[in-house]
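Please read the structure below before turning to the comments.
The values are calculated or read from the model by the stated rules, or taken from the named source; none is laboratory data. As the structure is a prediction and not an experimental result, all values here were calculated from the model. Cβ coordinates were reconstructed from backbone atoms using ideal geometry, including for glycine residues, and neighbour counts include every protein chain displayed. Note: accessible area is taken over every heavy atom of the protein model, side chains too, but ligands, DNA and RNA are not part of it. Shrake-Rupley method; radii C 1.70, N 1.55, O 1.52, S 1.80 Å.
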Amino acid sequence: MKIQLSILLGVVPFALIFGALAISASIPPIAVQGYSLLVFADSAQFLAIGLINSGATSVVVVLSIFIVNLRHAFYSATMAPMSRHLPLRWKAPLAWLLMDEAFVMTAARYARGNTQAAHWFMLGTGLSLYVTWQLGTFAGIIAGSLVPYNGVLDFALPLTFLALLVPTLNKWPVAAASLTAGVLAVLLNELPFQLGLLLAMLAGVTAGLLAERKNRVMEAALP
Amino acid sequence: MIVLWHWGIILGGIMVATYPIRLTFVVLLAPERMPDIVRRGLHYVPSAVLAAIILPELLLTEGALNISLSNDRLLTGIVAALIT
């Protein structure tokens, strides 16, 4: 519950900054709020504003968003076993809410072995993030240039993620996956469209699988 | 009015570039039909995602690697990790 609250508070600065940035890029307020309402994808929303601001064509904007959002296919695949027993009327809205924060919270809870009513947890988490995101965007639109961007507030979210990550690092393959993904994300930070993040995730998963196999080989070798 | 149409089209495009990706596996591919290695690999996605988001936040200052005592974020992160 504490972690949920800090993630909710953690997304507020991003929503505020998004609203304010979009307004300063002279996007009409109704389109800004509409974007948050209809897309609900934090980092992709920032990318779109940046591209629109630099005069990119609509086609470039949409294609870039598509590439950035490819990592959501990972999220979707990870959610598949958790949501397998659910009817489409559950799956469709859950997929709608599947942005970074909603995913990591649900997946981290699931990884800790708490599989009970995962869909209700995901729905509650996703909806509260959705509402927070809308209110934050709205406040950002209204406040505009008054929104402070000092790099302190937006650090709350990574810190909360850290609190989610640490308890999962209790096995060697998971640690190997995290270390590989983290280091590669730093090294590939310069790649466009957050491709570095996507590659880092792929490499992390591969490292986890390799470490797992090495573990098994070693166990099998023991008398 | 023409301006709003323009934004409507961009928004529609962005929706099309977002929602179907999130739907893919949840709806299209049953876990039973995934190859075994994929299913086992999924186990590592959450931790890998978290680490890939956090570490650049901790180690990079304005895009450059900064591993020193002057990096407040790194210090805060280390303390936070230790007390978690």
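Using the structure shown, decide if B:T24 is without any contact (Cβ under 8 Å) to a residue 12 or more places away in the chain, open to solvent by 50 Å² or more (accessible area, probe 1.4 Å) and at the interface with another protein chain (Cβ under 7 Å from one of its Cβ atoms). Taking the combined requirement at face value, the residue does not satisfy it. Taking the criterion of being in a loop (DSSP other than H, G, I, E, B) and of a type outside the set (S, T, Y), the residues of region A:108-126 that qualify are A:R112, A:G113, A:N114, A:Q116, A:A117. Could you check, for region B:6-20, whether at least one of its residues is open to solvent by 60 Å² or more (accessible area, probe 1.4 Å), more than 7 Å from chain A (Cβ to nearest Cβ) and either within 30 Å of A:G113 (Cα to Cα) or among the aromatic types (F, W, Y) (or both)? The answer is yes, given that some residue of region B:6-20 is open to solvent by 60 Å² or more (accessible area, probe 1.4 Å), more than 7 Å from chain A (Cβ to nearest Cβ) and either within 30 Å of A:G113 (Cα to Cα) or among the aromatic types (F, W, Y) (or both). Restricting A:L198, A:L222, A:L188 to residues that are of a type outside the set (V, I, T), more than 8 Å from chain B (Cβ to nearest Cβ) and either crowded, with 22+ Cβ neighbours inside 10 Å or closer than 12 Å to B:A48 by Cα (or both) narrows the list to A:L198. Test A:L159 against the stated conditions and say whether it is within 8 Å of another protein chain (Cβ to nearest Cβ), in a helix (DSSP H, G or I), open to solvent by 70 Å² or more (accessible area, probe 1.4 Å) and within 22 Å of B:L59 (Cα to Cα). In short, no.
Filter region A:27-45 down to residues that are more than 10 Å from chain B (Cβ to nearest Cβ) and at pLDDT 85 or above and give me whichever is farthest from A:D154 (Cα to Cα). Top of the filtered list is A:P29. Filtered by the rule that a residue be surrounded by 21 or more Cβ atoms within 10 Å (Cβ to Cβ) and not hydroxyl-bearing (S, T, Y), region A:112-140 gives A:M122, A:G126, A:L129, A:W133, A:G136, A:G140. So for region B:35-42 (the condition being more than 22 Å from the chain's Cα centre (by Cα), more than 7 Å from chain A (Cβ to nearest Cβ) and surrounded by fewer than 16 Cβ atoms within 10 Å (Cβ to Cβ)), does at least one residue qualify? Yes, region B:35-42 contains at least one residue that is more than 22 Å from the chain's Cα centre (by Cα), more than 7 Å from chain A (Cβ to nearest Cβ) and surrounded by fewer than 16 Cβ atoms within 10 Å (Cβ to Cβ).
Kindly evaluate A:A176 against the criterion of being within 10 Å of chain B (Cβ to nearest Cβ), modelled with pLDDT under 95, open to solvent by less than 30 Å² (accessible area, probe 1.4 Å) and outside any loop (DSSP other than H, G, I, E, B). For A:A176, the condition - within 10 Å of chain B (Cβ to nearest Cβ), modelled with pLDDT under 95, open to solvent by less than 30 Å² (accessible area, probe 1.4 Å) and outside any loop (DSSP other than H, G, I, E, B) - is not met. Hey, any hits in region A:55-72 for a residue that's open to solvent by 30 Å² or more (accessible area, probe 1.4 Å), part of a helix (DSSP H, G or I), touching a Phe, Trp or Tyr at 6+ places or on another chain (Cβ under 6 Å) and within 22 Å of B:I9 (Cβ to Cβ)? Yes, that holds for at least one residue.
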